[in-house]
Amino acid sequence: MDYLLSTDDLKKKGLIHQNTDTKLLARAIQLVQDMEIQPILGSILYRALLNRVNTNTWTTEYRTLMDTYVVPAMVAAVDAQIVVIGSNEITNKGTGRTQDDNFTTNGRSDNSLYKDRLESFADYYKRRLVGFLCDDNGQDYPEYIEGITRTKHDLKPDKKSYRVPFVTTTQIVRKDDCNEKEIQDY
């Protein structure tokens, strides 16, 4: 698996402690980049960034995109994911919470509050990323607006905010950040 963010960089830039299991962090990074970052970027720009990470070939524009927008969004989203992933364990006996003799884990309500706060940070950084790409309008990152022509499993960039601002009984209203209009999902 290729990663946009290394576990070492995550530990340096995020809230995650240095002794956190690398296997858990790698899984959280994979989930975040597949389920949160790739839908924002679209498959074509996502693969272009993975290629640049793997080959270490950067232009100023792509380095700015990565360092200023993608990495902060990923770090914040992984911080939020690890609240749940990091304190639960799946074993042959079942699933449960891990606990150390010298460490007391948060209760469910404390974790929920903490996770909600971390998710609000992640949402902020993801909205910044979407806004930056919308403002660019394909000038520096043509992959963002490039049509999907390669395969049917490619994702088009999702240019909407990710948290639903409000819900009514009949509709969900989201904002299309690139076109400054509301989208209604029934």
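None of the figures in this text is laboratory data; all of them are computed from the coordinates on show. Predicted, not measured: the structure shown is a model, and the values here were computed from it. As a convention, Cβ positions derive from the backbone with ideal geometry for all residues, glycine included, and neighbour counts pool all protein chains shown.
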Taking 7 Å along the Cα-to-C-beta vector as the label spot, tell me the Met1-Glu61 distance in nanometres, rounded to one decimal.
-> 3.1 nm
Karplus-derived HN-Hα couplings along the range 126-140 (A = 6.51, B = -1.76, C = 1.60, θ = phi - 60°), whole Hz, x at Gly and Pro = 5, 5, 4, 4, 4, x, 4, 5, 5, 4, 5, 6, x, 5, 9
For Thr57, Thr20, Thr68, order by how many other beta-carbon atoms lie within 10 Å, fewest first | Thr57, Thr68, Thr20
What order do you get for Thr7, Thr22, Thr55 when you list them from fewest to most C-beta neighbours inside 10 Å?
-> Thr55, Thr22, Thr7
Arranged by the count of other C-beta atoms within 10 angstrom, fewest first, what order do Ser6, Ser109, Ser43 take?
-> Ser109, Ser6, Ser43
